[in-house]
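So the structure is just underneath, and the comments pick up after that.
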Amino acid sequence: MNPNNEHSSITDATVSAAYREIATEIPPSRLDDIVLRNAADETRQTRGIAGYLYSFRRPLAFAATLVLALGIVLQFDSVLTGTALNSSNGISGPGDASAGAGNTSAVVDANAKHIQEQMKQSERNMTEDLLRQPTTDTTKLKPARSCGKERRASAELWWACVTDLERNGRHDAAAHERELLTNTYPDFLPAE
Amino acid sequence: MRNPADDTALMLRYKDGDTSAFEVLYRRHNDALYRYLLRLCRNQHTAEDLYQETWSKIVRSRSRYQPRAKFTTFLYRVAHNCFIDSIRRNKRHDVESVADPDATAHPADEQAVIVDKGKARARLESALLLLPDEQRDVFLLHEEAGLSLDTIAFVTGAPRETVKSRLRYAVRKLKNAMLDATMNSVEGKQGRLQE
């Protein structure tokens, strides 16, 4: 059935017209005032709290993302710092320390410097210990050769090498070479 | 005829904080909603309470408002639900609601009103007040809100055919009440003439 025909078959124009005549009531003005005041209050209230926050939702979301990302980076740094500290205690080699030093964090940088200092100090101590060893025992002490095979080809060349070492301030190496020269050529007398 | 999109646009403007848009919307619907609740409740104080409650719910729901249906549908659905809740809260409401208007005497406090109006219209109003709640609800939604059968079915939550049946019964009862009043009036005049 067509909706219009259906509608007209149910409703009655006389009844509708009669109802229109009796339906003349309007709400009291005090109710209008209450409703409209509530509507205005609701707008103000929402604008005051949630509405204000709602207008800042994008900056707030951006700030929250930044804070979260920073938190993750700091957490990651603290994990790396822990690794670097372990390496400074002798657990890992200098490669780990240099990895820690590669970070931008000041803590990690300071730790890497500390490790480098420790390594340099350790190297210095080792060198000093080696130099403090008695030099008479040539089988134990084998410092790097200062004069090569060519320069040891004759006593004169060897002596020239010792002189160069002395001139360059390598007194220990010069003394060592001189001793070897004396042992090898006991009758050699250097020219004045 | 009112453009329903205008109501939706006004509600969306109010959602964005435009109070003047709500006032326009309110002025459009306040009278019809008031009469709907007044006749549905048959009690002025209850009607006024429900009227405020309905608008209050509309106002509070503005931030969640989505234009899925016409604003009128939304408004009268809220009002209908407020009325149903009111019935549940107040069990005293269901007195005489199923009584036949022709078998029941007019309430004494309505006699004064009847004097001022034509007998047929007075009889119509009385018969309307004595309709069962469901029939009166459907009739008022049709007459005051101008809702279609489908929309009334959505608002009341009843099947469409049930709504159609209720509206037909309501209209028939009201028409009979008006005819009876006319017949009584004619018979009265004839009786006076014979005397």
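Only the coordinates and a few stated rules stand behind these numbers; no lab work does. Everything numeric here is computed off the predicted structure, so don't read it as measured data. Here Cβ is always computed from backbone atoms with ideal geometry, including for glycine, and neighbour counts include all displayed protein chains.
At a Förster radius of 45 Å, what calculated FRET efficiency corresponds to the Cβ-Cβ distance of B:Ser165 and A:Arg57, to the nearest 0.05?
Numbers: r = 50 Å, r/R0 = 1.12.
For B:Ser165 and A:Arg57, the calculated efficiency is 0.35.
How high is the FRET efficiency between A:Asn168 and A:His114 when r is their beta carbon distance and R₀ equals 22 Å, given to the nearest 0.05? Walk me through the intermediate numbers first.
On the way: r = 34 Å, r/R0 = 1.54.
Efficiency at R0 = 22 Å is approximately 0.05.
Using a basic spin-label model with each label point 7 Å from the Cα along Cα→Cβ, how many nm lie between B:His45 and A:Leu66?
6.0
Calculate, for A:Arg44 and B:Asp150, the FRET efficiency according to 1/(1 + (r/R0)^6) with r their C-beta to C-beta distance and R0 41 Å; round to the nearest 0.05. Present the calculation step by step, with values, prior to reporting the outcome.
Numbers: r = 38 Å, r/R0 = 0.93.
For R0 = 41 Å, the calculated efficiency reads 0.60.
Could you tell me the relative contact order of segment A:142-192? Use alpha-carbon pairs under 8 Å, at least six residues apart, and round to a whole percent.
On the way: 29 pairs, mean separation 17.2, N = 51.
Relative contact order comes out at 34 percent.
List the chymotrypsin sites (Phe, Trp or Tyr not before Pro) within segment B:7-97 that fall in a DSSP loop (any state other than H, G, I, E or B) and whose Cβ has at most 15 other Cβ atoms within 10 Å. Before the final figure, lay out each step's value.
Values: sites: B:Tyr14, B:Phe22, B:Tyr26, B:Tyr34, B:Tyr36, B:Tyr51, B:Trp55, B:Tyr65, B:Phe71, B:Phe74, B:Tyr76, B:Phe83; in loops: B:Tyr65.
When the chymotrypsin sites (Phe, Trp or Tyr not before Pro) of segment B:7-97 are filtered for loop state and at most 15 Cβ neighbours within 10 Å, B:Tyr65 remain.
Pairs B:Lys15/B:Lys70; B:Lys57/B:Lys164; B:Lys119/B:Lys173; A:Lys120/A:Lys149: which are spaced more than 23 Å apart, C-alpha to C-alpha? It would help to have the intermediate numbers written out before the result.
Details: B:Lys15/B:Lys70 16 Å; B:Lys57/B:Lys164 29 Å; B:Lys119/B:Lys173 16 Å; A:Lys120/A:Lys149 32 Å.
Too far apart for the 23 Å limit: B:Lys57/B:Lys164; A:Lys120/A:Lys149.
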